1. In region 147-183, how many are assigned to a loop (DSSP other than H, G, I, E, B) and small (Gly, Ala, Ser)?
2. Would region 100-108 turn up any residue that is within 14 Å of the ligand (Cβ to nearest atom) and closer than 19 Å to Val136 by Cβ?
3. Only residues that are touching a residue at least 40 places away in the same chain (Cβ under 8 Å), farther than 12 Å from Leu142 by Cα and more than 10 Å from the ligand (Cβ to nearest atom): list them for region 31-54, please.
4. Within region 1-30, take every residue that is within 14 Å of the ligand (Cβ to nearest atom) and touching a Phe, Trp or Tyr at 6+ places or on another chain (Cβ under 7 Å) and give me the one that is farthest from Gly72 (Cα to Cα).
5. Could you check region 116-144 and list, in sequence order, the residues that are within 11 Å of the ligand (Cβ to nearest atom), of a type outside the set (Gly, Ala, Ser) and touching a Ser or Thr at 6+ places or on another chain (Cβ under 8 Å)?
6. For region 56-78, does any single residue satisfy the condition of being in a strand (DSSP E or B) and either among the β-branched types (Val, Ile, Thr) or modelled with pLDDT of 95 or more (or both)?
Amino acid sequence: MRIHSTIASLRAALDDGGRVALVPTMGNLHEGHITLMTQARSQADTVVATIFVNRLQFRPGEDFESYPRTFGDDCEMLAQAHVDHLFAPTEAEIYPQPQGYHVEPPPEQAGILDGEFRPGHFRGVATVVMKLFQIVQPDIALFGKKDYQQLMIIRNMARDLNLAVEIGAGETVRAADGLALSSRNGYLGEAERTEAPRLFRLLTKVVEEIRAGNRNFAGLEREAMEELARHDWVPDYVAVRKRIDLQLPTAHDSGLVILAAARLGRTRLIDNLEV
Ligand code: PAF
């Protein structure tokens, strides 16, 4: 695997790379990322991973500074996954001057759910992903379903702006007890780690209820939030939405997803399950 810290070096290496797959990450890699790398490997001649902790998508007071940076381990995992190129730029390489132009996703997509609690987050994500698309010019780019809203926004950005890139999705990878793998799981203390799979169990229960015919979505959301609060979580939302655009479903809609975000101690966890 070749490691590039500059755009010029990466671009030169990708000349003649055949079909290129891109997997953007912020590092601190886990099995969820590696599944995306494997998917990318099977769909392209050249696989490019990126590691860049993107300041633009963090709000003041969020965990930009403390976000886990584990470059050595990440490199080993990527090499084992047969990634061809790792692009790991400095902040000055990506933002040589303060970013003037931004990609502004529409508020009905970026101002709801996580966007309501992290204003500006998806603008930061869309902007850096657009920049990475311009730098790498991939034929396909892969994102995990764990960040369901992010995936929808990037898909819509690619469609609305006629980007010549196919967007692929990877299933959420879970620990044996159901907890969705996430770089932020490392923030959990021992007791919190034991408690954390409750989120997955709750979502599973809601999915089962809906499959059994319960269409009182608001009631199901409220009960799930109350259950979390009873166990010392601080829930931001539990929401049943349409998969296609994450808008509110009617009682007759199919193709649903249930999404949740909640704080356990100082750790904010998100998860979702398709119904
Ligand atoms: O999902 C992530 O890790 C990030 O949001 C991404 C897509 C790499 C953009 O910084």
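The values are calculated or read from the model by the stated rules, or taken from the named source; none is laboratory data. Owing to the predicted nature of the structure, the values given are computational and were not obtained by experimental measurement. Here the Cβ is made from the backbone with ideal geometry for all residues, glycine too, and neighbour counts use every protein chain on show.
1. If we filter region 147-183 for residues that are assigned to a loop (DSSP other than H, G, I, E, B), which is where we start, we get 147, 161-165, 171-173, 175-179, 181-182.
Still in the list and also small (Gly, Ala, Ser): 164, 175-176, 178, 182.
Within region 147-183, residues that are assigned to a loop (DSSP other than H, G, I, E, B) and small (Gly, Ala, Ser) number 5.
2. yes
3. Matches in region 31-54: Glu31 only.
4. Checked region 1-30; the qualifying residue farthest from Gly72 (Cα to Cα) is Met26.
5. Leu132
6. No, region 56-78 contains no residue that is in a strand (DSSP E or B) and either among the β-branched types (Val, Ile, Thr) or modelled with pLDDT of 95 or more (or both).
Let's see how each residue does on (1) farther than 18 Å from Ile153 by Cα; (2) under 20 Å from the mean Cα position of the chain (by Cα); (3) modelled with pLDDT under 95:
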{"position": "Gly219", "(1), (2), (3)": "yes, no, no"}
{"position": "Arg222", "(1), (2), (3)": "yes, no, no"}
{"position": "Glu226", "(1), (2), (3)": "yes, no, no"}
{"position": "Val240", "(1), (2), (3)": "no, yes, no"}
{"position": "Pro249", "(1), (2), (3)": "yes, no, no"}
{"position": "Leu264", "(1), (2), (3)": "yes, yes, no"}
{"position": "Leu273", "(1), (2), (3)": "no, yes, no"}
